[in-house]
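Okay, so here's the structure we're looking at.
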Amino acid sequence: MLTVLVTGLAIGMVYGAVALVYNVMFSTSKVLSVTTGHISMLGGVFGAWFIINLQLPWYVGLAGAVVVGAVFGWLTDVLAIRRVLARSDEHLWLLSTLAVATMVQQGVGLWWGTEPTPFPRLIDQAFGAGMADQKFWLPIILAILMAIGLELFYRRTLYGKLFLAMSEDAFAARARGVSTDRIRAMSYVLSGALGGLAGFAAGQLTFAYFALGLTLTLNGFIALAVGGLGSNIGALVGGALLGLLNAYATYWFGGEYQQTISVGLLMVVLLLKPEGLFGSKRVRPV
Amino acid sequence: MNNHSSRPDEVLLSVRDLHVAYGKAEVVHGLSLDVRAGEFVVVLGRNGAGKSTVMHAISGLVPKRSGSVSFAGQDLTQASPGQIVQSGVIQVLEGHRVFQTLSVEDNLMIGTYAKSPHGDRTKLDAIYELFPELAERKQQMASRLSGGQQQILAVAQGVIGDPKLLILDEPSAGLAPMVVDRILTVASELCAKGLAILLVEQLVEKALKHAHFAFLMETGRVAAAASSTEIGQGDLLHRVFLGGGEPLSESEKKV
Amino acid sequence: MNTSSNRTRLLALVLGICAAATLPFWAGDQYQLHLAALIAVYWILISGLNIVVGFTGQLSIGHVGLLSIGAYGFCILAGKMEMNPYLALVISGGLGGICGLALGLPSLRLPGFYFAMATMAFALIVNEIILAQVDLTGGGIGLVGPLFTEPFESPSGFYYLAAILAGFATWMTWNIARSMWGKGLIAIRDNPVTAQAVGVPVFRAKLVAFVFSGVLAGVSGGLFASLQSYITPDTFVFDLSMFFFVCIIIGGRGSIVGPFLGTVVLTALPEMVASLAKLGNFFYGLLLLIVVLVIPEGIGRMIQLIYERIRPREIASIPIQPEPEKLHQVLRASGQAHAAIEVKHISKHFGGVAAVDDVSLTLSPGEVHGLIGPNGSGKTTILNLLSGYYEPSAGDLLYQNQDFGKTTVQQRARMGIARTFQKPRLLPELTVLENAMVGAWSESTSGFMASALALPHVGAEDRIVRERAVELLQGVGLGAVMHRRANLLDHAQQRFLEIARGLALRPKFILLDEPAGGLTSVEIEHLGSVIRAISKAGIGVLLVEHHTDFVFRVCDKVTTLNVGRMIKHGTAEQVRHDPEVIRVYLGA
């Protein structure tokens, strides 16, 4: 039973980490990008490629995953967001990020292959470690560290405050001389790096798998919406709830209706508290 | 009587033949104005005359269709908002637009960002001296301040950036008269110390008490320009704001 | 709208129909016949999805789920349960509609990204359920797709069945596009505030369109299963949803022909260019990205732009020339109001701030009532309270002794309250005439399906609305630019168009929000004559304005506000010379 708890928490923290990435991108651009889950997928896939195929040590793989994530986050901004936000047409970014996400997923499928590949062990540990297995604890610890790091970033650094300022009133930020294009690009690079890191840490749990992109985008979004858009605590709580619900449902009823149950959770929360558990009514979703 | 000659000689801000359009609709039609060193200039006019649009265009916040903006000899027509702030032109937007989710001190720190990307704490003391009501509330979230205090914070946010020209866009909107007086008095004091002020206001008489020179805008153009004493005399303003009588004659429209 | 381009279109249409009708004879081989049938089957779904995505602006990326419901429904009914295949097809359509309702009800109220995710989740859920219910659906093994009976059993026979149904679907969506419903849906897409203001029931309209697309998707699914002869859950991958979606976006919003061509090209292309087929979804993603970045309005618009660059038409600036007498006649024919709107001690608070504090005024039929005051005095708030975008915190809004303060925006439109906006809210892709016609939405009673089937009374109603809109446009002075796209209008023309749209509602009262903003003195004169014609016809006009000179010239009564309170009320002369008003405006 405890294994179920740990499994659920672990996968839930992966979703929570994706929700954190959503939050960072949203904070400066008011955009929810379809590419969010794909960034983590890339972290896992490239991490596996660096370590398995290129035979590099795990910390190089880690750095590589972070760099790949950061680059891809930046690409998302440059390709899908920058020119699109300048136009007045709302929701065009939904199409552009959907397009980039599709290209990335298919691209990886064509290059890496469509079979899920087991992710290499990062720390020496026997495979029968059960609950203490690193594949569970790496994502959990990482997600918590990410959330703490982001809180410190927003509260203690000027750049964090600039993110918040931009999120609230981009026009006023520009009047203060803030280059909103640059700050937004920064936030996408940061969120990309975090996403890549999360994907790398989650690799042993999720395997390196091209189709993970869409799954993480959707489930990360459910974690985000349940927890509340704009709240980092909400992201982790929403993720944990989702992961635990899935794990226990699978344990008791078999794993056939995972997606249905997840969406069921989402619908229930949206009906009862549309802004999410920790969300504020002031933050308006798009 | 032409009072232009009593203006200082050194031109700080020069706006020439400015045209601004929103999509297909042009709202500023070839406007020219200037601000001299140490001057307190006010731009008057009805709503819809385009005053805020002109200010936004000067600060690079909206694109210009044509025309030029220069400051202290530097051409700012194509400059980004960041470059314009760095060159010393700082605008306080209409409607006390401070960042509600940040504290008073954080708001002020953002005001220093343009010149110091990591923030400049040394500037805070001078501001707290100038605005003691902000010193009392350093860590309070801006959303908890009253409307008047937020407007003062907005002005402080502008002043902390060490401007050479401070643009104030309708600081009085929705505020009690005492607060408006305070803000305009502070602006006058700063002006006396050498800061040029460009004020947009609807409260004509209050503004003219502090200003040296006034531009009167109508439908995207300058309809009249004169010293504040001259504009205050006669029924020019009455006719423009409350109508009645003939439209302004050519001699009354000095561009 | 010139007749030679109409004739070209008609010719193209006739040729197209002939080509489609004779296709089995000139198509190269069985494979190409199969392809043509596939295009027809896909188009049935895509034409319905087009109404949802292209017209209503709801970005649904989960329609593959509805396709698979229709397909599995058909296979189970006609195959396992050996039902008559035509009946099974009808029921499959019904299933698609029911599932569309089930999906649409909770999701259509969600904001854009949330809605898209919900539809994507739906597709994944359908797949999950199909995999899980092995007894019913054969799980991973799948089901056989039954054939139809003669004459539609053979490949060419099936092609004709698919083509006929596709033609029917095209005809229905074409009718919707041309009808008031089409304009209403476009209003939801491009300017929901406007849609509300003219009386469109936004959520219900979205839902109806969505259910309609569900029915078509269900029918398409049944045909699809038969065509493929065997279906498994793997047949219905998310990629297919992307494909449908891209066909529409590439073809262009608000068009029927564009997405159709998009479907033809995108279905045929991977078959003809093998390397593209290998790239699969990557190609669709790339195409979508290019379209969004370069030509977001689709290939149809791009062709139009290229055409305009080759043969540029001078968009002459035509001055506004109102015909006040004609306007008066047109408006008079609608009959007038006999009672006034009473605003009684209205207050509106936002947080702790009173935007409006104990204001009372009377808006009488046939009277022009001005509302003036400095910035932040509450004028626009009063307008929003009267038109239904805000609810009063205290006080009553009375008409014929009934309090309408809690009614919706759409109900106010039906009551006969029209309004314009401070920044004109037009539908940029429709013509001036179509924009004006949208104003008459609340008087047209034709239902969605009636419009789809082009029942006779729909056409008659449409004609009446159109003719009246033409006269209104001539009356306000836009007769010469009636067929111009609204995004080509200059500022003054936009303002006058909003007024014409408001008048199309057959209002008893019209609320004008700073209509003189940005107008030249000549245009303001025209505005004055238009307003006088409106009031002479018995309509009550509330004029919110900063141009005080204009207000005093045109208004019978004037109310002055300051900081949410009323400070003076009376005739124009009384208010103009009131010392308090002067003080407030010149600011002591």
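Below are the figures for this structure:
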item	result
Options C:450, C:454, C:394; residue that is surrounded by fewer than 18 Cβ atoms within 10 Å (Cβ to Cβ), without any contact (Cβ under 8 Å) to a residue 12 or more places away in the chain and farther than 25 Å from residue C:528 by Cβ	C:450
Matching residues in the stretch C:203-231 - criterion: being in a helix (DSSP H, G or I), out of contact with any Ser or Thr (no Cβ under 7 Å at 6 or more places or on another chain) and either free of Cβ contacts under 8 Å to residues at least 40 places away in the same chain or polar (S, T, N, Q) (or both)	C:204, C:213, C:220, C:226
For residue C:544: the one exception among (1) farther than 28 Å from residue B:26 by Cβ; (2) in contact (Cβ under 8 Å) with a residue 24 or more places away in the chain	(1)
Failed condition for residue A:54, given (1) farther than 24 Å from residue A:31 by Cα; (2) free of Cβ contacts under 8 Å to residues at least 60 places away in the same chain; (3) surrounded by 15 or more Cβ atoms within 10 Å (Cβ to Cβ)	(3)
Residue that is nearest to residue C:225 (Cα to Cα) [pool: residues in the stretch C:114-147 that are touching a Gly at 6+ places or on another chain (Cβ under 9 Å) and more than 10 Å from chain A (Cβ to nearest Cβ)]	C:145
Filtered residues of the stretch B:193-224 (kept if more than 14 Å from every other protein chain (Cβ to nearest Cβ) and over 19 Å from residue B:164 (Cβ atoms))	B:215, B:222, B:224
Those residues of the stretch A:156-185 which are among the hydrophobic types (A, V, I, L, M, F, W, C) and either away from chain B (no Cβ under 14 Å) or touching a helix residue (DSSP H, G or I) at 6+ places or on another chain (Cβ under 7 Å) (or both), in sequence order	A:158, A:162, A:163, A:164, A:165, A:166, A:170, A:173, A:175, A:178, A:183, A:185
First in the stretch C:523-538 and more than 12 Å from residue C:322 (Cα to Cα), second anywhere and at pLDDT below 95 and not in a helix (DSSP H, G or I), Cβ under 6 Å, 6 or more apart	C:535/C:366; C:538/C:336; C:538/C:365; C:538/C:366
Odd one out for residue A:216 among (1) buried (at least 24 other Cβ atoms within 10 Å of the Cβ); (2) more than 13 Å from residue A:16 (Cβ to Cβ); (3) out of contact with any Leu (no Cβ under 9 Å at 6 or more places or on another chain)	(2)
Matching residues in the stretch A:28-49 - criterion: being farther than 26 Å from residue A:106 by Cβ and surrounded by 24 or more Cβ atoms within 10 Å (Cβ to Cβ)	A:28
Wholly enclosed helices (runs of 4 or more DSSP H) of the stretch B:17-133 bearing at least 3 residues over 19 Å from the mean Cα position of the chain (by Cα)	B:104-111, B:124-130
Helices (runs of 4 or more DSSP H) enclosed by the stretch C:1-78 - at least 2 residues per element that are away from every other protein chain (no Cβ under 14 Å), crowded, with 22+ Cβ neighbours inside 10 Å and touching a residue at least 12 places away in the same chain (Cβ under 8 Å)	C:30-50, C:63-74
Search result, residues across the stretch C:170-202 that are assigned to a helix (DSSP H, G or I) and either charged (D, E, K, R) or touching a strand residue (DSSP E or B) at 6+ places or on another chain (Cβ under 9 Å) (or both)	C:178, C:183, C:189, C:190, C:197
Only listed residue being more than 13 Å from chain A (Cβ to nearest Cβ) and not hydrophobic (A, V, I, L, M, F, W, C), chosen from C:111, C:151, C:106	C:151
Condition met for residue A:144 (away from every other protein chain (no Cβ under 14 Å), in a helix (DSSP H, G or I) and modelled with pLDDT of 90 or more)	yes
Residue among B:175, B:190 that alone is within 11 Å of another protein chain (Cβ to nearest Cβ) and either in contact (Cβ under 8 Å) with a residue 24 or more places away in the chain or outside any helix (DSSP H, G or I) (or both)	B:175
The stretch C:566-588: number of residues that are surrounded by 16 or more Cβ atoms within 10 Å (Cβ to Cβ) and away from chain B (no Cβ under 11 Å)	4
Any hit, the stretch B:93-100, residues being without any contact (Cβ under 8 Å) to a residue 12 or more places away in the chain, charged (D, E, K, R) and surrounded by 18 or more Cβ atoms within 10 Å (Cβ to Cβ)	no
Within the stretch A:233-283, considering residues that are among the β-branched types (Val, Ile, Thr) and more than 14 Å from chain C (Cβ to nearest Cβ), the one farthest from residue A:150 (Cα to Cα)	A:237
Criterion violated by residue A:165 - all others in (1) closer than 23 Å to residue A:50 by Cβ; (2) modelled with pLDDT of 90 or more satisfied	(1)
The stretch B:3-47 - residue that is in contact (Cβ under 8 Å) with a residue 40 or more places away in the chain and at positive phi and, of those, nearest to the other protein chains (Cβ to nearest Cβ)	B:45
Residue selected from the stretch C:273-284 under the condition crowded, with 21+ Cβ neighbours inside 10 Å and more than 16 Å from residue C:252 (Cα to Cα), by the criterion modelled with the highest pLDDT	C:283
Within the stretch C:212-249, tally of residues that are farther than 28 Å from residue C:181 by Cα, buried (at least 24 other Cβ atoms within 10 Å of the Cβ) and among the polar types (S, T, N, Q)	1
Complete set of residues in the stretch B:1-52 that are over 22 Å from residue A:175 (Cα atoms) and touching a Ser or Thr at 6+ places or on another chain (Cβ under 7 Å)	B:3, B:6, B:17
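Yes/no matrix, rows are residues, columns are (1) part of a loop (DSSP other than H, G, I, E, B); (2) within 11 Å of chain B (Cβ to nearest Cβ); (3) at pLDDT below 90; (4) surrounded by 19 or more Cβ atoms within 10 Å (Cβ to Cβ):
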| position | (1), (2), (3), (4) |
| --- | --- |
| C:510 | no, no, no, yes |
| C:517 | yes, yes, yes, yes |
| C:522 | no, no, yes, no |
| C:526 | no, no, no, yes |
| C:542 | no, no, no, yes |
| C:546 | yes, yes, yes, yes |
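The values are calculated or read from the model by the stated rules, or taken from the named source; none is laboratory data. Just so you know, these numbers come straight off a predicted model, no measurement behind them. Neighbour counts run over all protein chains shown; Cβ positions are idealised from the backbone, glycine included.
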